[in-house]
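One structure below.
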Amino acid sequence: MNRPKQLMNRLSAGLLALPALLAAGPALAAGAPAGGATVWLTRSSSGVPLPKEPVLGYPRPWEMGLQPGFSPTKRDIISLNDLVLWIIILITLFVGALLVWVMYRYNAKRNPTPTQTTHNTFLEIAWTIVPILILVFIAIPSFRLVYFVNNTDHPDLIVKVTAHQWYWEYGYPSAKGLDFISAIVPGDKLKPGEPRLLTSTNPLVLPAGKNVRFLLTSSDVIHSFFIPGLGVQRYAIPGRTIETWVRIDKPGIYYGECNQICGVNHSRMPIDIVAVTPAQFQAWQSAAQKQSAAAATPSHPTRRLAAASAPNFAEAENFPR
Ligand SMILES: [Cu+2]
């Protein structure tokens, strides 16, 4: 078949499929947790059970905007995004209206002898100054947000995050020896309600309402620590330590992913966070610390844990899709 005909066939097949796709939308969405019905999950990390928590930070079916915010950072990101979006809409409407007006008023039919105008000092100054003012107007909240995200002073807790091909390692310097591996749970081993490609063997446990500083690094290639519902996104770069922070509004489960292409199993290194109350966090931390001490050899506490819980990648490649 020749190429244009092939393209036309594809186009018409696509158009014909559109109504079916739109009709199937609600049915597709029904498989995932919908707006009103919150899913609650009971998880454990490092062998220590955690309290039952609602799933809050996750991608919603038919989501057109950003994920809802569960941290001050994410709320600021959403308001900056909305502000810039409105500015873009107004500029697009203005430029579109000018184009229509020019096409209507100055077309060749209405202007048989075109004007010879080449310069207009007032217009040229205006269309230089006005965009500068708009950019300055956007820059003010934007810089404020950059500084806010960078501000990791006075953390209540420090967590060391090390990215590996293809799993995460979390260390708690305040609890000596507490350091564990968080790897993906294969699709056929998920428990009811646990989302595919987002559930890990050992979630990162954090206290809600506290300032948590993340120290990010990597053992091999560049990864990225991305939790959309919490407004966290930072590179994990080998040989460097990069900081960021979060304060999670309330206890719940929040999902993220590595979002820097890092190799064949890039899509299989979920970030899975369970936020609990500070008292529950203290209880988990000391119990998990005891577990870690019991499980690990003194010289290489993480190696043995890694060997025990790192996923089998041959198996990972065969996940049900
Ligand atoms: Cu990665």
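Every number in this text was worked out from the coordinates using simple rules, so none of it is lab data. Not measured: the values here are computed from a predicted model. Cβ sites come from the backbone with ideal geometry, for glycine too, and all protein chains shown count toward neighbours.
Could you work out the local net charge near TYR172, counting Lys and Arg as +1, Asp and Glu as -1, over the other residues with Cβ closer than 14 Å to its Cβ?
Summing Lys/Arg as +1 and Asp/Glu as -1 gives +2.
Using the Kirkwood radius over Cα pairs, work out the Stokes-Einstein diffusion coefficient for the range 118-221 at 37 °C and 0.692 mPa s, in µm²/s as a whole number.
Translational diffusion coefficient: 180 µm²/s.
On a full-extension model of 0.36 nm per residue, what is the gain between PHE148 and LEU190, subtracting their alpha-carbon distance, rounded to one decimal in nm?
Extending this stretch completely gives an extra 11.4 nm.
By count of other Cβ within 10 Å, fewest leading, how are GLU243, GLU194, GLU124, GLU169 ordered?
Ordered by Cβ neighbours within 10 Å, fewest first: GLU124, GLU243, GLU194, GLU169.
Could you let me know the centre-to-centre spacing of the range 215-252 and the range 254-292, using Cα atoms, in angstrom?
With the range 215-252 and the range 254-292 each reduced to a Cα centre, they are spaced 11 Å.
Based on the inverse mean of 1/r over its pairs of different Cα atoms, what is the Kirkwood hydrodynamic radius of the range 157-314, in Å?
Mean inverse Cα-Cα distance, inverted, gives 15.7 Å.
In terms of Cα to Cα distance under 19 Å, which aspartates and glutamates are near enough to LYS160, apart from those fewer than 8 places away along the same chain?
GLU169, ASP179, ASP220, GLU243, GLU257, ASP272
Please list, in order along the range 38-49, the HN-Hα scalar couplings obtained from phi with the Karplus expression 6.51 cos²θ - 1.76 cosθ + 1.60 (θ = phi - 60°), rounded to whole Hz, x for Gly and Pro.
Values, residue by residue: 7, 8, 10, 10, 9, 10, 9, 9, 6, x, 10, x Hz.
Taking Cα centroids, how far is the range 65-129 from the range 141-200 in Å?
41 Å
Taking the mean number of other Cβ atoms within 10 Å as a proxy for protection, how do you rank 51-63, 67-79 from highest to lowest?
67-79, 51-63
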